[in-house]
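Quick notes on the structure that follows.
The values are calculated or read from the model by the stated rules, or taken from the named source; none is laboratory data. Keep in mind that this is a model prediction, so the values were computed, not measured. Cβ: placed from backbone, ideal geometry, glycine included. Neighbour counts: every protein chain shown. Ligands, DNA and RNA are excluded from the accessible area calculation, which covers all protein heavy atoms including side chains. Shrake-Rupley method; radii C 1.70, N 1.55, O 1.52, S 1.80 Å.
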Amino acid sequence: MIKNILFDLGGVLVDLDVHASIRKMAELLPNTDEAPITWKDLIGGGETKLVQQYQTGKITTDDFVQTILAACRPTTTREQIVDAWFAMLRTIPEQRLAMIRRLKEAGLHIYILSNINELHVDWVKQHYPELLALCDKAFFSNEIQIAKPDLAAYEYVLSHADIKADETLYIDDLGANITAGQAAGFVSIQAIGDEWLTHTEKLL
């Protein structure tokens with residue numbers, strides 16, 4: 001019997017457009033073939049060393065921004081970098097929030113496990129405080145210092161939420177994370193668009 005739902009955040013609840021950040025950040029690079037980095041190198045798939053360090057709390061926001069500033073045109077400001085970093089974040093459609101409200105009202109426990117960073121956590125807190133209020137607990141990679149699909153991230157959730165994996169539906173948009181969730185014992189489904197709404201509807 002499913003008693004808990006563990007949500008990924010970006011790509012499941014929050015719509016993302018990573019390429020929007022890449023395009024906006026590319027405008028800040030020197031107009032030369034010898035630029036020390038490209039924005040695609042930094043954030044193209046969220047798997048680069050810099051992003052991994054940032055989303056697991058190994059470096060601070062200032063470290064992250066300063067590293068990027070060093071690769072940009074001399075006139076680039078911190079505000080421009082932060083603005084470009086936020087460009088990938090779109091919105092949480094109302095039908096998703098409405099479903100979480102209904103699940104909560106039905107007595108299900110709501111959790112989040114997200115690979116995320118301090119700036120994006122602040123964005124969620126500012127724009128969607130209701131989402132966090134509906135959650136029993138949110139586990140952010142930059143705070144727990146573990147990122148999916150590391151099995152330790154799922155074990156951390158089980159331990160600190162005090163829940164059972166076989167009583168928990170885990171929803172994520174990335175196949176590698178779903179595979180790891182299944183290995184941890186969660187009932188796992190890969191989110192494709194809003195298909196997960198149909199799955200959770202059956203729990204009501």
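List pairs: first in the range 90-113 and over 16 Å from residue 4 (Cα atoms), second open to solvent by 70 Å² or more (accessible area, probe 1.4 Å) and outside any helix (DSSP H, G or I), Cβ under 9 Å, 6+ apart or cross-chain?
Sorted first by the residue in the range 90-113, then by its partner, the pairs are 90/16.
Pick out, from the range 97-202, the helices (runs of 4 or more DSSP H) lying fully within it that include 3 or more residues that are touching a strand residue (DSSP E or B) at 6+ places or on another chain (Cβ under 8 Å), of a type in the set (A, V, I, L, M) and buried (at least 18 other Cβ atoms within 10 Å of the Cβ).
Working: elements: 118-127, 129-134, 141-144, 151-161, 175-183, 196-201.
It comes to none.
Answer yes or no as to whether residue 91 is polar (S, T, N, Q), open to solvent by less than 20 Å² (accessible area, probe 1.4 Å) and in a loop (DSSP other than H, G, I, E, B). Give the steps one after another, and end with the answer.
Numbers: polar (S, T, N, Q): yes; open to solvent by less than 20 Å² (accessible area, probe 1.4 Å): no; in a loop (DSSP other than H, G, I, E, B): yes.
Against the criterion (polar (S, T, N, Q), open to solvent by less than 20 Å² (accessible area, probe 1.4 Å) and in a loop (DSSP other than H, G, I, E, B)), residue 91 does not qualify.
Listed here are the residues, each with its yes/no results for (1) assigned to a loop (DSSP other than H, G, I, E, B); (2) open to solvent by 60 Å² or more (accessible area, probe 1.4 Å); (3) modelled with pLDDT of 95 or more.
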position: 22; (1), (2), (3): no, no, no
position: 35; (1), (2), (3): yes, no, no
position: 41; (1), (2), (3): no, yes, no
position: 47; (1), (2), (3): yes, yes, no
position: 52; (1), (2), (3): no, yes, no
position: 64; (1), (2), (3): no, no, no
position: 67; (1), (2), (3): no, yes, no
position: 73; (1), (2), (3): yes, yes, no
position: 84; (1), (2), (3): no, no, no
